[in-house]
Each structure stands twice: as C-alpha cells, then as structure tokens.
Amino acid sequence: MSTQTANKTEFSIHPAALMGHVSLTVASLENQIVFYQQVLGFQLHWREGNKAGLGAGGADLVRLT
C-alpha cells in the first residue's frame, strides 16, 4: 500500500486588497431589489434604467442588471 501526501499551495492576498461588488443579471430587477432590501436589509444606493446598486450604505455590494 502506498501513501500519498497532498500538495499544499500556499498563497496570500495583499493586505491592501479590497473586495469589490458582485454583478448579477436578473430576470426581474423589481423583485430582486425588493428581495435585497426586505430579506437582506440592503439599501438601494442608486437606480438607472435597468440597473441598480445596493449595499449597506457605503460602496455597492451588489449591482443588478
């Protein structure tokens, strides 16, 4: 019987790296805005035509199209 050792790849993210927003294409912008506001407690930051940005008051966390 042979024993294999798993190779571990070590990596790190630069400490100054920031997370960006997530962009999602949705079937119903209205329904998704309501979901993110009522279920997850997000705020509507902006809405232009068929696009909207939501989050917790700072930068957008989610952008919907």
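The values are calculated or read from the model by the stated rules, or taken from the named source; none is laboratory data. Fair warning: this is a prediction, and the values are worked out from it, not measured in the lab. We place every Cβ from the backbone using ideal geometry, glycine too, and count neighbours over all the protein chains shown.
Conditions first: (1) surrounded by 12 or more Cβ atoms within 10 Å (Cβ to Cβ); (2) part of a strand (DSSP E or B). Residue 46 passes all but one, so which condition is the exception?
Failing condition for residue 46: (1).
Need the failing condition index for residue 18 against (1) out of contact with any Phe, Trp or Tyr (no Cβ under 9 Å at 6 or more places or on another chain); (2) within 13 Å of residue 63 (Cα to Cα), just the number.
With respect to (1) out of contact with any Phe, Trp or Tyr (no Cβ under 9 Å at 6 or more places or on another chain); (2) within 13 Å of residue 63 (Cα to Cα), residue 18 is out only on (2).
Any chance the range 20-29 includes a residue that's modelled with pLDDT of 95 or more, in a loop (DSSP other than H, G, I, E, B), out of contact with any His (no Cβ under 9 Å at 6 or more places or on another chain) and small (Gly, Ala, Ser)?
yes
Does residue 44 count as of a type in the set (A, V, I, L, M), touching a Phe, Trp or Tyr at 6+ places or on another chain (Cβ under 9 Å) and at pLDDT 95 or above?
yes
List every residue pair whose Cβ atoms sit under 9 Å apart, with the two residues 6 or more apart in sequence or on different chains, where the first one lies in the range 14-39 and is surrounded by 12 or more Cβ atoms within 10 Å (Cβ to Cβ) and the second, anywhere, is modelled with pLDDT under 95 and aliphatic (A, V, I, L, M).
Taking only residues 6 or more apart or on different chains, the pairs are 21/59.
Among the residues of the range 22-36, what is the count of those that are farther than 11 Å from residue 53 by Cβ and among the small types (Gly, Ala, Ser)?
Qualifying residue count, the range 22-36: 2.
Which ones in the range 50-65 are among the small types (Gly, Ala, Ser), surrounded by fewer than 18 Cβ atoms within 10 Å (Cβ to Cβ) and out of contact with any Leu (no Cβ under 6 Å at 6 or more places or on another chain)? Spell out the reasoning first.
First pass over the range 50-65, keeping only residues among the small types (Gly, Ala, Ser): 52-53, 55-59.
Pick out the ones that are also surrounded by fewer than 18 Cβ atoms within 10 Å (Cβ to Cβ) and you get 55-59.
Scanning the range 50-65 gives 56, 57, 58, 59.
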